[in-house]
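Taking it in order: structure first as structure tokens, then the write-up.
The values are calculated or read from the model by the stated rules, or taken from the named source; none is laboratory data. Quick caveat: nothing in here was measured; it's all calculated off a predicted structure. Ideal geometry is used to build each Cβ from the backbone, glycine not excepted, and the neighbour counts take in all protein chains shown.
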Amino acid sequence: MLVFVLNAGSSSLKYQLINAKTAELKASGLVERIGIDGILKHEVGENKKLTFELPIPTHKEAIELVLRILTNDETKVIDSIKEIQAIGHRIVHGGEFFKESTIVTPDVIEKIEQLIPLAPLHNPANIMGIKICQELMPKIPNVAVFDTAFHQTMPKENFLYAVPYADYTEHHLRKYGFHGTSHYYVSNEMVKILNKKDSKIIVCHLGNGSSVCAVRDGKSISTSMGLTPLEGLIMGTRAGDIDAGVIPYLMEKKNLTSNQILDYLNKKSGILGVSGISSDLREVIKASKDGDIRSKITIEMLCNRIKKYLCSYAGLMGGVDAICFTAGIGENSDLIREKVCNGLEFMGIELDADKNKIREKGNREISKKSSRTKIYVIPTNEELVIAKDTYALTKTK
Ligand code: ADP
């Protein structure tokens with residue numbers, strides 16, 4: 001059962017061709033700078049890497065190119081597009097409409113369109129991805145997998161903002177949370193390792209965008225991102241939690257429009273804004289080792305914020321069986337994991353400094369034997385979840 005997984009962004013798209021039954025990754029890639037110039041990086045299996053630089057004016061041409069590469073004599077992994085049995089799309093915002101993945105119908109597209117005001121950068125590109133696939137591969141079913149769906153189990157007391165209630169009922173103002181597919185995958189791996197159903201897990205998805213999620217008995221009960229991905233942790237270029245009073249203050253002081261202040265908080269803040277060096281944490285860690293004070297402060301702020309969420313979620317759940325680190329920073333930075341966990345021994349959270357430094361592929365434990373809370377690194381695999389959901393929904397067709 002081959003599933004084509006597509007994550008269409010405004011000027012890029014990521015794809016994977018996966019055997020959903022065996023989890024075998026046949027090929028994957030990334031098309032960037034669509035409409036600007038165009039670059040396609042394609043990988044077959046673990047070793048074969050190809051790069052194509054050529055004009056890619058539209059998303060349609062990008063997908064056509066990917067399909068050609070998958071089936072072309074020299075680069076092929078399948079003989080014909082007909083071997084693709086379904087297409088799974090990553091959709092950022094499913095609002096309150098979608099609590100799980102669903103087969104794409106005209107009604108589903110209409111609902112994703114209705115949600116554009118909540119995800120103005122992402123949902124239009126996601127819809128475009130679906131429509132192009134319908135045009136290029138009309139006989140193949142499409143499935144929508146939502147970043148928000150896993151968090152639809154959050155109880156009201158954890159998703160409402162403390163503002164007049166009518167703004168929830170009339171304007172859908174609430175926390176939705178994102179990275180749901182990743183939080184689901186990682187917590188589900190952890191549930192299997194713990195081998196118990198009534199589990200209390202905290203997942204730290206720390207990448208360019210970052211969020212924390214409290215998962216009780218396999219269900220999201222609270223998460224750090226909100227109405228938009230701007231809330232919560234300090235991220236590559238996002239400020240995360242901030243006093244709402246900052247917004248009118250800065251708008252007046254710097255004469256900014258609402259779009260400009262959003263741009264400031266989304267694209268100029270976070271690791272980049274405080275360090276003044278980069279949004280890439282590797283560069284900031286390097287600068288801090290070379291003595292740069294602002295980089296040191298950035299790292300402290302980043303870790304303190306994660307710690308704050310960890311402790312608050314452990315409190316909400318009345319304890320924590322396991323903490324999982326995932327995504328670019330969570331999987332690769334022993335420094336950040338150490339700084340986050342250090343000082344939490346009083347809660348039964350004991351990191352093993354040596355295990356934490358070992359770099360290995362796959363799920364791995366990094367807590368001491370004596371630690372009441374297990375600490376794990378679990379590499380995320382959102383595409384596999386999308387492929388499996390797509391398979392489950394389309395296999396009888
Ligand atoms: P995205 O959210 O775009 O998918 P990733 O999950 O790939 O992002 O994470 C990207 C982040 O991971 C970058 O800030 C990068 O600096 C960070 N990162 C990757 N490897 C390391 C490392 N060894 N140490 C620290 N940070 C790392």
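Observations on the model:
- Restricting the range 105-123 to residues that are crowded, with 21+ Cβ neighbours inside 10 Å and among the hydrophobic types (A, V, I, L, M, F, W, C), the residue that is nearest to ALA392 (Cα to Cα): ILE112
- Residue count for the range 336-355, restricted to those that are within 16 Å of the ligand (Cβ to nearest atom) and either more than 24 Å from ASN381 (Cβ to Cβ) or assigned to a loop (DSSP other than H, G, I, E, B) (or both): 2
- Checked against the criterion of being closer than 20 Å to THR181 by Cα, surrounded by fewer than 20 Cβ atoms within 10 Å (Cβ to Cβ) and either out of contact with any His (no Cβ under 7 Å at 6 or more places or on another chain) or modelled with pLDDT under 95 (or both), the candidates GLU83, GLU100, GLU74 yield just one match: GLU100.
- Matching entry among ILE349, ILE386 (being under 21 Å from LEU194 (Cα atoms), touching a residue at least 12 places away in the same chain (Cβ under 8 Å) and not aromatic (Phe, Trp, Tyr)): ILE349
- When we screen GLY232, GLY226, GLY236, GLY218 for residues that are crowded, with 19+ Cβ neighbours inside 10 Å and either modelled with pLDDT under 95 or on the phi > 0 side of the Ramachandran plot (or both), the only hit is GLY232.
- The residue pairs whose first member lies in the range 321-333 and is near the ligand (Cβ under 8 Å from one of its atoms), whose second member is small (Gly, Ala, Ser) and assigned to a loop (DSSP other than H, G, I, E, B), and whose beta carbons are closer than 7 Å, counting only pairs six or more residues apart or on different chains, are ALA327/GLY207; GLY328/GLY207; ILE329/GLY207.
- Looking only at the range 183-205, and only at residues there that are aliphatic (A, V, I, L, M) and touching a His at 6+ places or on another chain (Cβ under 9 Å), the one that is surrounded by the fewest Cβ atoms within 10 Å (Cβ to Cβ): VAL186
- Counting only helices (runs of 4 or more DSSP H) that fall entirely inside the range 232-316 and contain at least 2 residues that are under 30 Å from GLU345 (Cβ atoms), the qualifying elements are 270-275, 281-289.
- Filter result for ILE358 (crowded, with 19+ Cβ neighbours inside 10 Å, farther than 20 Å from LEU230 by Cβ and more than 11 Å from the ligand (Cβ to nearest atom)): no
- The sole residue among SER211, SER220 that is assigned to a strand (DSSP E or B) and closer than 17 Å to GLU100 by Cβ is SER220.
Residue by residue, here is whether (1) within 16 Å of the ligand (Cβ to nearest atom); (2) out of contact with any strand residue (DSSP E or B) (no Cβ under 6 Å at 6 or more places or on another chain); (3) farther than 28 Å from ALA322 by Cα holds:
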position	(1), (2), (3)
ASN208	yes, yes, no
SER211	yes, no, no
VAL215	no, no, no
LEU227	no, yes, no
GLY232	yes, no, no
ALA244	no, yes, yes
MET251	no, yes, yes
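- Within the range 26-55, the set of residues being surrounded by 15 or more Cβ atoms within 10 Å (Cβ to Cβ) and within 23 Å of SER80 (Cβ to Cβ) comprises LYS26, ALA27, SER28, GLY29, VAL31, LEU40, HIS42, GLU43, VAL44, PHE52.
- Sole exception among (1) within 11 Å of the ligand (Cβ to nearest atom); (2) surrounded by 14 or more Cβ atoms within 10 Å (Cβ to Cβ); (3) within 17 Å of GLY209 (Cα to Cα); (4) not aliphatic (A, V, I, L, M) for ARG282, by number: (2)
- Test: residue in the range 298-314 that is among the aromatic types (Phe, Trp, Tyr) and either free of Cβ contacts under 8 Å to residues at least 40 places away in the same chain or touching a helix residue (DSSP H, G or I) at 6+ places or on another chain (Cβ under 7 Å) (or both): no
- Meets criteria (under 23 Å from LEU194 (Cα atoms), away from the ligand (no atom under 11 Å from the Cβ) and of a type in the set (Asp, Glu)) for ASP292: no
- Checking the range 21-37 against the condition returns no match, with no residue being closer than 20 Å to PRO138 by Cβ and in a loop (DSSP other than H, G, I, E, B).
- Selection status of CYS341, under 25 Å from the mean Cα position of the chain (by Cα), farther than 17 Å from ASN188 by Cα and surrounded by 20 or more Cβ atoms within 10 Å (Cβ to Cβ): yes
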